[in-house]
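Have a look at the structure below, then the notes.
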Amino acid sequence: MIGLRRHPSWRELNGLADEELDADAAAALTEHVVACSKCSRNLSFLRDLREAGRDMRHPSPPKDLWTDIERDREDGQRVILPAAPSAPSRKRRVLPAAAAVAIMAGLAGLATLTLTTEAGAGASDLQFHPASPVPGEEVRVTYKPGIDLSGEPMLKLRVRLRAPYDEPPRDVLGALHEVVLEPDDEGQFVGSLRLPSDFAFAVVAVENLAGDVLDDRDGRLWALRAHAEDGTPLQSALRQEFLVLQNRSWPEAQEVLEEMAYLYPDRAESWSLQLANEPDESGSDAESRARFRLLHAQAERGEPTVGEIASLVRYSELVEDAEARDQWLARLEEEVPAHRVAVSRRVADFGGDRAAAAAYLEKLWSTDGFATRHTCEEGYRAALAEDRAAEARRWALRCLPLDERRELTSDMALTLVAHEGTRAQGMSEMRALLSHLAEGADAERRLHDTPAEVREQSSRLQASLRIRLGAELLAAGDPGAAIAEFNAADELGVWLPELYRARLDATLSLGDRSGALPDFHRLDADPVYSRASVDSLRDRFPSLTEADMAEGRTRAEREMIRRLGAGRISRGLPSVPLFTSTGQSRSLASLVAGRPTILLVWDQRVFRGDGQVSEIIRASRLLAGGPGQLLWITPEPDSESLRSFARDAGLEFPFHDPESELATTLGEWGMRGYFVIDRAGMIRVRVYSLMEAVRHLEVLELELRDTV
Amino acid sequence: MHHQVDNRRTSVSENSPSPSPNLLSRLGRGEADALREVYERYADDVYRIALRLTGSSADADDVTHDVFLGLPEAMQRYDPQRPFPSWLRGVATRTSQMRLRAQRRRREVALPSFSSLTARSRSDTIVDRLTLEKALDRLSPDLRSVVVLRELEGLPYQEIAELLGITKSAAAVRLHRARRRLRDILRGNL
């Protein structure tokens, strides 16, 4: 290796400063550094830093410290020291609450002390051997169970294997692989797993053979990356890990991107992902543009892969280099004309020219090899956006036979239901989808979920699909068929005001007022359903007396309490310290303080993009004037951006959970759940919709009122 | 409290062989003379790590106090296969980190002015002890820990990774982030 022609990366400079490079690499770098003032300055800085570190004072503790320690031990004082991480783990280690240093003062005179359970006791541990496997390698798994799974004869390791270019987890969960773990003589469970040759990244959970006891590492799961022979994580592993983390834990997703940029500084993907995910951390605009020009020039000289070309398209857009963008987009189309990045860009470029966009997609679809799911999904979306129903049906008919159940499958089936000519086919697709959901295929169960949780989610999803199907049938002029779908949804046992409203409209359209009345009472009883809507519906039942109203509401309330109470839990509040913006410590119990509470344990970034802010404002209005409160806990430190977000959302400034201890204890790591806490300070429900949380809170109050 | 100060560079791993199994066994039983012997051998190392991680002699006093006060009970978690000095360094590191996090929560309200620090560092040349100490104060606990363990304690990446419960590559990335941030602080960009 003779002298570098490019600037060395920070990784290489760090290696040189740390004296960790081999002689050839060090010589080549040194030759460059000597001739380059910028690199010379950077290397000097790293060396100065080390020298300054070596120069730091090395004081000893105060002379009387031992006397204090000796006296305090004699007085019976003890400290529980923080537990060691059980094994090197990639994730940020969050110390459990019980591991906090707790000075147990006031225990003078006790000869022996019973300390609280050792921090981390009862926690499980999972290890992979080798810890840095290459694709295709056999990996031995050792699992030390926590309390929940310790008595099981055998266990099951559930692994979601992701390939280098798998789509985000919302679309592709990853191939499921299961391994039976058998006990060894040391109280551990062992098994082995052969990684596929296209392995990039995996997430892992452990459960018992019946699947009703699950260890998902407090929601975080265990992770396994693919590595190169030299032990470096593959870029594809980091890409997949980022995709898995990005909607769950922004800071950890960002850390993965930083690792990618550190390990692969000469790849456009490393920087384009970072720039898209967190522009502030990617340096100034000028730096980003300079870096792009460097990578652009490097790629022009070399032979970039298709993935790298697609990244150059994204990167050029982010630094607003239109000329380079056109160049790389054309190159991408040359290589893979139906590449999803190329198709989505071309469709967007046509802008208002609908005919040109449609012609482009048609041409692509009719070319051998380019009739992909992505092409027809683009066609379907574009047609829907332009309200072109016939074209949307044509694309739906093309997409559905591709036999990949994806996010748009139900939308496409309903598009077909809406038109008489394609209704039969749409109904058939919907039936197949509903039947598939009812089966609850284990291969589609997420690692976090037990089969019971999947059944609950499946019931909700089936009900929601049947309501949409019924609405399409009603709009198509078939109220009888619509009511049959609504009734089938109702039999799933979920409390759903949108179902009651849809069925009420269908029943009234048949002129059946008495048939519609129970649904009116249900809407009237629901604490979240709009009062204005209930009032406007009241006119549709002119013969209804106030006494009838009250009786019907009471009956509906009982039904609501029964349905909503079915999945309730009862769990005490974790004793995790939370902090105000001025650093004062508060317990969760003191914040709840006898008030029914909805708890949000979120990073502000989790709010964005889903209209959740407006939902929070609506929930706050619903709770206003009553005893209920919304309590927001965040791991995010105080900042102006957090303050302005809280102001915009109409939220009280949050309490700080700096190490995400509360989220971890609740198993809430990065998920968008809401916890409903009753007046007695017990967690009763965890739901994924804020309005649902408000409903549960109000129903708990109703129950309390009835009890009183 | 009077602090003894000298400039000897000592490191637990370099100069302190593991204590005998007998001493560790007595320590685990809470025998006072065993704790005193361990204190005499390792208090400087624990104190130094605590001081470097927390940046405050008062905090370093408290951390050292807590580590030795809780050491006999913590021995229940000690794995005899592992060198005792390295394990003790881990205990000191984690206890300091917890202290530092609590401190930062309070400090986040009003950060001290660093105008003198940045003015001095604009010359873009030497990083001296004083400026480094001040700049370290501005790093997050995670970044500060990795700088202290690598640049000040001279530990290899693998041991840093084990102490902090992260992978070796994550330790390298964190050190890179910390160095980059220190460079920006010292050049007055932050």
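At-a-glance table
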| item | result |
| --- | --- |
| Residues A:Leu16, A:Leu702 arranged by fewest to most Cβ contacts within 10 Å | A:Leu702, A:Leu16 |
| Simple spin-label estimate for B:Glu40 and A:Glu323 in nanometres, 7 Å along Cα-Cβ | 7.7 nm |
| Rg to Rh, two decimals, where the stretch A:10-54 supplies the alpha carbon set and Rh follows Kirkwood | 0.96 |
| Gained length - A:Met682 relative to A:Ala476, 0.36 nm times residue gap less alpha-carbon distance | 69.4 nm |
| Among B:174-186, B:140-152, the order from most to least packed when residues are scored by Cβ within 10 Å on average | B:140-152, B:174-186 |
| R0 of 56 Å, Cβ-Cβ distance A:Ser585-A:Leu176: FRET efficiency to nearest 0.05 | 0.80 |
| All aspartates and glutamates inside 12 Å of A:Lys63 as judged from Cα atoms, apart from same-chain residues fewer than 8 positions distant | B:Glu40, B:Asp44, B:Asp61 |
| Helical contribution to [θ] at 222 nm, DSSP H n ≥ 4, -39,500 (n - 2.57), averaged over chain A, rounded to 500 | -15500 deg cm²/dmol |
| Estimated FRET transfer efficiency when R0 is 25 angstrom, pair A:Leu510-A:Thr545 (beta carbons, to 0.05) | 0.55 |
| Inter-probe distance in nm under a simple model that places probes 7 Å from Cα toward Cβ, at A:Ala35 and A:Ser197 | 4.3 nm |
| B:Arg180-A:Arg562 FRET efficiency (beta carbon distance; Förster radius 41 Å; 0.05 resolution) | 0.10 |
| Extension gain from A:Lys63 to A:Glu439, taking 0.36 nm per residue of separation minus the Cα-Cα distance | 128.2 nm |
| Gain upon complete extension [A:Thr554, A:Glu137; 0.36 nm per residue less C-alpha separation] | 143.8 nm |
| Bins of 10 Å from zero: percent of alpha-carbon pairs in chain A | 2, 11, 18, 23, 22, 14, 6, 3, 1, 0 |
| Spin-label model distance (nm) - A:Glu167 vs A:Ala646, 7 Å beyond Cα toward Cβ | 3.9 nm |
| Candidates per GluC sites (Glu not before Pro) in the stretch A:293-362, loop by DSSP, up to 13 other Cβ within 10 Å | A:Glu320 |
| Backbone N under 12 Å from the A:Ala452 label point (7 Å along Cα→Cβ), restricted to the stretch A:207-222 | A:211-214 |
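Every read-out reported here was derived from the displayed coordinates using simple, explicitly stated rules and does not represent laboratory data. Being a predicted model, the structure only gives us computed values, none of them experimental. Using ideal geometry, Cβ is built from the backbone for each residue, glycine included, and neighbour counts are taken over all protein chains shown.
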